[in-house]
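Structure, as structure tokens:
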Amino acid sequence: MSNTKAKRSLQRKVSLRLSLAMAAFIVGVFLILRAVITPAFEELELEAAHADLVRADQAIQTDIENLEAVTLDWGPWDDIYEYVSGRNPGFEKSNLVRPTLTNLGLDMMAVYELDGRLKWSQLLLDGDELPLEDLALLGGDDPAAHLLTEHANADSRTVGIVNTALGPMIISSQPILRSDDSGPVAGALVMAQFLDEKRLARLVERTEVDMTWLLVENYAFEGEHEFSDIMIGELPVRLSDELVTNCIVLADILGNPYLLVSAKTPRTITSLGQQTVGAAVLFLAAAGILLMVVLWWFMKGTIIRPIQELTRHMDKIRQSGDLSDNLSLNSDDEIGLLADQYDKLNSEVHETRAALLHQSFKAGKADTAAEVLHNIRNAMTPMINGLDRIGKVFKVTDGLHVKKAVEELSNADCDSDKAGKYVQYLDASFDRVVTVHAEATDDLKVVASQARQVECILSDQEKFTNVAPVAEFLVVDEVVEEAAMVVPKDAGANIHVEIAEELTHYRVRAHRVGLLQVLSNLILNAYESIERAKGGGGRISLSAKNTVVDDTEMVQLTVRDTGTGFGEEVRDSVFQRGFTSKSEGATTGLGLHWCANAVSSMGGRIFADSQGEGHGAEFHVLLPAAQGG
Amino acid sequence: MSTQHLDENIRVLIADDDEHILQAYREAFSDTESTQEMRALDALAAELFEPSDVTDDEPHFEVVACSQGNDAIDLAKQAANDGHPFDVVILDVRMPPGIDGVEAGSRIRELDPDVEIVFVTGFSDMPLEELQRRVPPPLRLHYFNKPLSFSQLAQDVASMVREH
């Protein structure tokens, strides 16, 4: 039973392994990208977020510095010095007016005398003037108030952030000095700006950082820290899926943690990194799949399909037994080499098998002949010895003296004693003849018996004469070309032998030597027929075709000649024993009768046709087609 | 070398698996009743007519026959032990189902280096050289193909014995 399907096909195995390898490659690449690339993007993102916080912090510090610069510009000025000393009352009307605050971008401005008493102040909130007391900052024993309203020397400064009842402010306080920075200190000049929504919007616009602030006491630390543990400076970074939040705690002018400034940075870098990793993985996956498809296609074309063809061919040969059927795989790689070697091996096995069949056929014949000879020789030995003795029977009377004994008895002078002995002699002679005769009879029986035994041996042998030789799968053109060599080489150009090219396509199941002899005989007959026609030359053409006879696929080989041909009247007798159209003494070959018997023993038949004498002849040999032939 | 006297019987051991052939051997090598009658008749003729030129110079054989190689070996061994070894051993080459004649001849040769061994066979697939190698010496080995005249063989056997 044929079994050409492997339990697991090579194609399936290769596809599975390629897919697994590709999946492992993609997963590996993904993991490597995630382990190496993603953290790098995260680090970049954290650095960028930190830079945002630094910019936000610097923006606030810049505003504080700007405010300090304005204060420094106004503090050392003779006009305000004289004013706070009570000697320049017009200063207030000309300079300490609302437009001054508006032009300087101030929300609050105050002038204190040396002893800390308020000389002049103005507080603006959303365009409205409010009393300074609303700030709940500058007055009483608040330590911050003293830092702002009193300066002991010319170098004293108070700059920073303060808490007020109206919200956090940046504030700067400068001692009032003469324009040449000489003292003594006459009082204190205080300027401030609210850290309100407008300022925040301006800072956000300026820094392009999504910043915000709130009082530390209002910040939800989510259990990370107790409020009392909060230190001035940066807090640990907070990460969410979409944002990186960096915070810094700023101190007020007293050095206490007061304002928490936070900068929120969208996680665009990480997102971009993830997109990059995803794109890279997708690209590699697509490239891998493409590579896998190409590899699979290449392997299928160069390895799997040739191996499948080789397997199918092996199975075909196993089923048909036709070793002459070559695979002829046109490939110059190792598989092609394997197929070529397989073809060569098949050819060698085919030739060896044919030789073995022929040899075994001959050996069988030789063994049989030896056995038959032995048996016949054994049977003939008693025959020869019996005949040898029978030959002696005919000479038995040569040594007898019967006539003389009778003459002596007839003689009257013969005495009675002698006469008795002569009678005894005659009696013994007679007994001798009788005995020899009896022995000869027995010998003849032995000879007859042995003759019958020889006949039995020969009859027994006759049973084997019909044993057909083992049939082989034969490529027709190989046998025909070998058979055509029977045409004498001195035939010259006058007699052409034409072998049809398509004979390579036909295979028959026959005994090689027998078919070779049949075809040789037909070709030689054709050759001699052309010679007898004396037409100065002719043509022998050999062809074949497929045909079906009694539902059996057959191959019809035809030997056609332009020789003498034959008439209708002998059509049916050309294959009879003894038939010949050749001249006396010119008979050659094995004879058409033998050909007919040989073809019949191969399961085929032979028939002839002719358009009449002088019109050539056709001899057709029908043989069973080999599978695939 | 010993010379066989004609008045002594030539002891012949014959082994062949074919009973018809054994019978033919017996008839060729033995004095049958017919032979004895003929001798009596010849003696009477000599007495009544003239001194006969018939002399009893015919060889006399003592034939022992068997159908298997092993039997032949046993008989040869027995004869040697009894002090009456065979002069000639005639063997068929193939005697199924037992050992073949060549094997039997080889072992008989080991028992008796002087015995004449004669192979008679219907097969011709055993080269003489092979026989000579297996059953030496060549001078005491003889080979005949069947069919053959046993009476002629008897003469040849007598000659072998005379010559040796």
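The values are calculated or read from the model by the stated rules, or taken from the named source; none is laboratory data. Predicted model, so just to flag it, every value in this text is computed and none were measured. Positions of Cβ are generated from backbone atoms using ideal geometry, with glycine treated the same way; all protein chains shown enter the neighbour counts.
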Residues of region A:539-569 being surrounded by fewer than 19 Cβ atoms within 10 Å (Cβ to Cβ), farther than 20 Å from A:E501 by Cβ and of a type in the set (G, A, S), in sequence order, are A:G567
Given the conditions (1) more than 7 Å from every other protein chain (Cβ to nearest Cβ); (2) closer than 30 Å to B:K146 by Cα; (3) at pLDDT 85 or above; (4) surrounded by 14 or more Cβ atoms within 10 Å (Cβ to Cβ), report the number of the one that A:A419 does not fulfil.
(2)
Looking at region A:160-177, can you tell me whether even one residue there is touching a Phe, Trp or Tyr at 6+ places or on another chain (Cβ under 7 Å), under 27 Å from A:R87 (Cα atoms) and either assigned to a loop (DSSP other than H, G, I, E, B) or without any contact (Cβ under 8 Å) to a residue 60 or more places away in the chain (or both)?
no
Considering only residues that are at pLDDT 85 or above and under 17 Å from A:N375 (Cα atoms), which ones fall in region B:123-145?
B:F144, B:N145
Condition test on A:S182, is it surrounded by fewer than 23 Cβ atoms within 10 Å (Cβ to Cβ) and closer than 14 Å to A:Y112 by Cβ?
no
I need the full set of residues from region A:318-334 which are part of a loop (DSSP other than H, G, I, E, B) and not polar (S, T, N, Q), in order please.
A:G321, A:D322, A:L323, A:D325, A:L327, A:L329, A:D332, A:D333
Just for region A:422-443: of the residues that are aliphatic (A, V, I, L, M) and within 16 Å of B:A43 (Cα to Cα), which one is nearest to the other protein chains (Cβ to nearest Cβ)?
A:A428
Where in region B:83-164 are the strands (runs of 3 or more DSSP E), entirely inside, with at least 2 residues that are touching a Leu at 6+ places or on another chain (Cβ under 8 Å) and more than 16 Å from B:C66 (Cβ to Cβ)?
B:141-145
Residue match in region A:364-379 (condition: assigned to a helix (DSSP H, G or I), of a type in the set (D, E) and free of Cβ contacts under 8 Å to residues at least 24 places away in the same chain):
yes
With the requirement that a residue be within 19 Å of A:G75 (Cβ to Cβ) and either modelled with pLDDT of 90 or more or part of a loop (DSSP other than H, G, I, E, B) (or both), what does region A:120-136 give you?
A:W120, A:S121, A:Q122
For region A:603-616: of the residues being in a loop (DSSP other than H, G, I, E, B) and in contact with a Lys or Arg (Cβ under 8 Å, 6 or more places away or on another chain), which is modelled with the highest pLDDT?
A:G616
Criterion first (more than 60 Å from the chain's Cα centre (by Cα) and at the interface with chain B (Cβ under 10 Å from one of its Cβ atoms)) does A:T397 satisfy it?
no
A:A471 away from chain B (no Cβ under 12 Å), surrounded by 12 or more Cβ atoms within 10 Å (Cβ to Cβ), hydrophobic (A, V, I, L, M, F, W, C) and closer than 30 Å to A:T504 by Cβ
yes
Whether any residue in region B:106-117 is over 17 Å from the mean Cα position of the chain (by Cα) and crowded, with 22+ Cβ neighbours inside 10 Å is what I want to check.
no
First in region A:75-89 and free of Cβ contacts under 8 Å to residues at least 60 places away in the same chain and in a loop (DSSP other than H, G, I, E, B), second anywhere and of a type in the set (A, V, I, L, M) and surrounded by 17 or more Cβ atoms within 10 Å (Cβ to Cβ), Cβ under 9 Å, 6 or more apart:
A:N88/A:I80
Filter result for B:A28 (at the interface with chain A (Cβ under 9 Å from one of its Cβ atoms), modelled with pLDDT of 80 or more and over 30 Å from A:V423 (Cα atoms))
yes
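Quick one: which residue in A:L147, A:L124, A:L114, A:L118 is closer than 23 Å to A:L250 by Cβ, surrounded by fewer than 23 Cβ atoms within 10 Å (Cβ to Cβ) and either under 60 Å from the mean Cα position of the chain (by Cα) or not polar (S, T, N, Q) (or both)?
A:L147
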